[in-house]
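Below you'll find the structure, written out as structure tokens, and then a few comments.
The values are calculated or read from the model by the stated rules, or taken from the named source; none is laboratory data. Note that this is a predicted model, so its numbers are computed, not measured. Cβ: placed from backbone, ideal geometry, glycine included. Neighbour counts: every protein chain shown. Ligands, DNA and RNA are stripped out before the accessible areas are found, and what is left, the full protein with its side chains, is counted by its heavy atoms. Shrake-Rupley method; radii C 1.70, N 1.55, O 1.52, S 1.80 Å.
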Amino acid sequence: MSSIDVPPRLSLSAGRSAPAVPSVLAAVSEGRQPPQSAGRGFRVLHALLRLGVHDEHQLADIARAAHLQPSHASKLLKAAASEDLVEHGIRRGTYRITRDAVPLAPVNTAQTTAAVHRIVEHLREETGLAVAWHEPHFRPGRGLHLTLVDLACPSPHLRTAAAQMDGDPRATAAGRAALAYVPAELATDADDRPLSLPPATRDTICSTRIALHRCPGICTMATPVLRGQHLVAVLSLTGADSLFHDPLCAQEFAVLLRRAASRTSMTSAGREPRSAPARRAA
């Protein structure tokens, strides 16, 4: 497999149109002065755009880039978060631009979508199974959740299982893989209740870099995509459960899955994907 750039956070479908950008936000993205009523709040958005729209940043760095005191920057970020323009990052004390505010920055969606699609399609060709790429996100009031970025599914009846979109991350292989690597304080549901895994399950996932979930007739195998010590995404395979009961076949799938994740995470990308810190590297 040739090296493939790991792209930043993407839209689920290339066909889905980007949200309309209000004129005041367009002014920010074009470097123009927003209306006076917008106040100084846009200084933190300018700072996040300069620091990197696809990454999460520490409050101190944002305040410095915005030429504000950290306490003032914190209040402005909280106000921006209430409008879904920024959100808390996976790392403690960090913030990042939300998907809704991505149009503030120029992003070549077609190219980045194609890059992820190459990763997913190549693994599908190698295995003949459904392949999905998910990215973990945390937002107060919603908790830890996965965003489906791309899906290659050779069989329509596998599509729902491969999408791994259950509201409880513990109920899916992709969700379990993410829960094994995100900090405990961010592994919560919408009501701020912990989403912990049994210690034995968490340790197995961290030591093998493989999480499994079975439902009648179908099995999903997932692995974390790491950039250094940080969780970038989760890559998964879904197919007939009988295939995974064959030890040699299951081992081959695991090797191909981990290899794809390792190669993508080691690739030097022109734009770093937004990441979450790993609990520990396997």
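For region 123-131, check the following and say yes or no: at least one residue is under 20 Å from Ala260 (Cα atoms), of a type in the set (Val, Ile, Thr) and touching a His at 6+ places or on another chain (Cβ under 7 Å). Spell out the reasoning first.
At the first step, the residues of region 123-131 found to be under 20 Å from Ala260 (Cα atoms) are 123-131.
Okay, now just the ones that are also of a type in the set (Val, Ile, Thr), so 127, 131.
Filter once more, so that each one left must be touching a His at 6+ places or on another chain (Cβ under 7 Å): none.
There is no residue in region 123-131 that is under 20 Å from Ala260 (Cα atoms), of a type in the set (Val, Ile, Thr) and touching a His at 6+ places or on another chain (Cβ under 7 Å).
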- Message: Going by what's in this entry, would Ala115 be described as touching a residue at least 40 places away in the same chain (Cβ under 8 Å) and under 19 Å from Leu212 (Cα atoms)?
- Response: no
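Quick one: which helices (runs of 4 or more DSSP H) sit completely within region 158-274 and have at least 3 residues that are at negative phi and open to solvent by 10 Å² or more (accessible area, probe 1.4 Å)?
Values: elements: 159-163, 173-179, 199-208, 241-245, 247-266.
The qualifying helices (runs of 4 or more DSSP H) are 159-163, 199-208, 241-245, 247-266.
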- Query: For region 59-96, which residues satisfy the criterion of being hydrophobic (A, V, I, L, M, F, W, C) and part of a helix (DSSP H, G or I)?
  - Reply: Leu59, Ala60, Ile62, Ala63, Ala65, Ala66, Ala73, Leu76, Leu77, Ala79, Ala80, Ala81
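Quickly run through region 123-145 and pick out the residues that are in a loop (DSSP other than H, G, I, E, B) and open to solvent by 20 Å² or more (accessible area, probe 1.4 Å). Break it down stepwise before answering.
The initial filter retains those residues of region 123-145 that are in a loop (DSSP other than H, G, I, E, B), namely 128-129, 140-142.
Across region 123-145, the qualifying residues are Gly128, Pro140, Gly141, Arg142.
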- Is it the case that some residue within region 146-156 is assigned to a loop (DSSP other than H, G, I, E, B) and crowded, with 22+ Cβ neighbours inside 10 Å? no
